[in-house]
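Input: a single structure, listed below in structure tokens.
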Amino acid sequence: MSKLPSTDPLSRLSALLQVERHGLRATTLEELTFRMVNDWHGLVPYRQAVLWRRMGDHAGRIEAVSGMPLFDEQGPYLLWLNSLIKALGTRLEKRLVMQRHEAPVQFQDAWSQWLPTHTLWIPLIAPDGVLVGGMFMMADTPFTPEAISLLEHMADLHAVAWSRLLMGRGRWRTGLEQWNRKVVWGAVALLLAVVMMIPAPQSLLGQAEVTASEPRMLRAPLEGVVERLLVEPNQPVRVGEVVMRLDPEPLRHRLQIAIRESELARTEYRQAAQKGVRGVEDKAKAVLLRAKWEQKQAQRLYLESELKRLVVRSPMDGVALIDDPSVWEGRPVSLGERLFPIADPARAEITIWIPAAEAVHLEQGLQTRLFLNTDPLHPRPGELIFAAYRAESGPDGTLAYRARAQFVDDVPPPRLGLRGTARIFYGEARLYQLLLRRPLSAIRQWLGL
């Protein structure tokens, strides 16, 4: 039988007082419960003790297990034991000595798998008469009346310490732990419903780049090959400054031929003019040769003027927006081909690429924010000035709608070419609408609605 240790009365009293002292001096609920399931073994031997804590009218949890500083509350053994204790219902408020045949019917088959023959339930009753928990103790031999009496005394003492620690946590927390779980979940659901109805700003994100506002694009003045690029990337240039030269050798060669042909036509014309004095036939021939000479002269003048157009000049003050200068030398260009832009760095704007899947109706004047990759913590405000109606290939190769926004603050614009992410604000909606917009859109596309 589980009885008191066979020591002299003075030693047993000393052990009892030591257990009481440890319980009253516990500073946390975790320390108290750990000492309860382990220190009581020095007074009454048992195989195992489990401390169960009441959390509501029909709920509770395993708070401590003897010999196990850490345990899995979701393990099969503790889940089964917690269900057994909750199934006892109103019987938990009194001391209960229980064997297999006295347990609820649904737990009798698995009794021998988890529990020994003899068990004892000692309730923990707070000073105000409320059941706060209990000790479920297991032993291979029956508990003696003396051992049960001592355990009830220890339960009353530790219940007072338990209540004191709960009061130290604060009345609001104690009251919350005693609430019915359904009431708590109902309050949470109500709060969540209220939060979901809060209006929140709608916005969309897109890749963005700082680009020039109203740049001047340079074009090839005629067909040819680039001989030399005279500027570096982002180099400041002045209006009229030469930025590129085309190879003049093909035109020079054609000009030399045109000069010789013009001189030859002039010589032939002079000879025919001298003969034209003598006859009508020679005079008519001289007229044709004069027209040929004038044609060759016109070709010569045209090639001379084309030779002067082999230089490309800047149409404005600004910087040359070039990526790689090495790709230009020796590159063939056609008449009117786009070369590179000249832009004023003080006049910049934001180019935004909106994914086609997130495109909505956007109006001019909407607020934007630019989060640069180099400085994401300081967004730059802007205002939408243009949104394309047709999707095109974006920088990453996907379909996107191009939009433009202007900076609205007084701070100088960022450097041209910087990239980042832009957010466009286009109205307000309920929070639940923002959270469910993408899932509902995906479901609609999947169902084909």
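What follows draws every value from the coordinates through simple rules; no lab data is involved. Nothing here was measured: the structure is a model prediction, and the numbers come from that model. Here the Cβ positions follow ideal geometry from the backbone for every residue, glycine too, while neighbour counts run over all protein chains shown.
Note on the chain: with a GNM built from Cα contacts shorter than 10 Å, the maximum mean-square fluctuation among 297, 202, 433 falls on 297. Against the main long axis of the alpha-carbon atoms of the chain, helix 29-39 sits at an angle near 40°. Ranked for footprinting exposure by Cβ neighbours inside 10 Å, fewest first, 153, 41 give 153, 41. Dipole of the chain computed with +1 at Lys/Arg Cβ and -1 at Asp/Glu Cβ about the Cα centre; of 151, 240, 15, farthest Cα towards the positive end is 240.
With 0.36 nm allotted per residue and the present C-alpha distance subtracted, the residue 99-residue 187 stretch has 27.6 nm of extension available. Centre-to-centre, using Cα atoms only, segment 344-372 and segment 19-74 are separated by 63 Å. For the chain, a crude dipole built from +1 on the beta carbon of Lys and Arg and -1 on the beta carbon of Asp and Glu, taken about the Cα centre, is about 1480 debye to the nearest 20. Using a ≥ b ≥ c from the Cα gyration tensor of segment 289-391 (square roots of the eigenvalues), is it rounded, prolate or oblate, where a/c under 1.5 gives rounded and otherwise the larger of a/b and b/c decides, a/b for prolate? Note, shape of segment 289-391 comes out prolate. Give the shape of segment 9-181 as rounded, prolate or oblate, defined through the alpha-carbon gyration tensor: a ≥ b ≥ c are the square roots of its eigenvalues, a/c under 1.5 means rounded, and otherwise the shape is prolate if a/b is larger than b/c and oblate if not. Verdict is oblate for segment 9-181. Legend: ranking of residues 244, 196 from fewest to most surrounding C-beta atoms inside 10 Å; resulting order 196, 244. If you plug the beta carbon distance of residue 360 and residue 247 into 1/(1 + (r/R0)^6) with R0 = 60 Å, you get a FRET efficiency near 0.75. Counted by neighbouring Cβ atoms within 10 Å, the residues 263, 214 run from fewest to most as 214, 263. Between residue 402 and residue 25, the C-beta separation translates, for a Förster distance of 60 Å, into a calculated FRET efficiency of about 0.25. For segment 25-98, the equivalent ellipsoid derived from the Cα gyration tensor has semi-axes of 20, 15, 14 Å, listed largest first. Less than 15 Å from a label point 7 Å out along the Cα-to-Cβ axis of residue 324: which backbone N atoms in segment 219-233 qualify, by residue? Correct set: 233.
Among the listed options (i) 36.4, 164; (ii) 47.6, 166; (iii) 42.2, 129, the one matching Rg and Dmax of the Cα atoms in Å as calculated from these coordinates is (ii). When the P(r) is computed for segment 217-339, the part past 27 Å accounts for 41% of the Cα-Cα pairs.
Set the Förster distance to 60 Å, then compute FRET efficiency between residue 392 and residue 274 from the Cβ-Cβ distance, nearest 0.05.
Efficiency for this residue pair is about 0.30.
Selection among 226, 163, 425 by position relative to the dipole of the chain gives 226 as farthest towards the positive end (Cβ unit charges, Cα centre).
Net length available on complete extension from residue 443 to residue 383 is 18.3 nm, with 0.36 nm assigned per residue and the Cα-Cα distance removed. Within segment 325-356, whose backbone N sits under 15 Å from a point 7 Å along Cα→Cβ of residue 223? Within reach of a label on residue 223, which here means backbone N under 15 Å from a point 7 Å along Cα→Cβ, segment 325-356 contributes 332-337.
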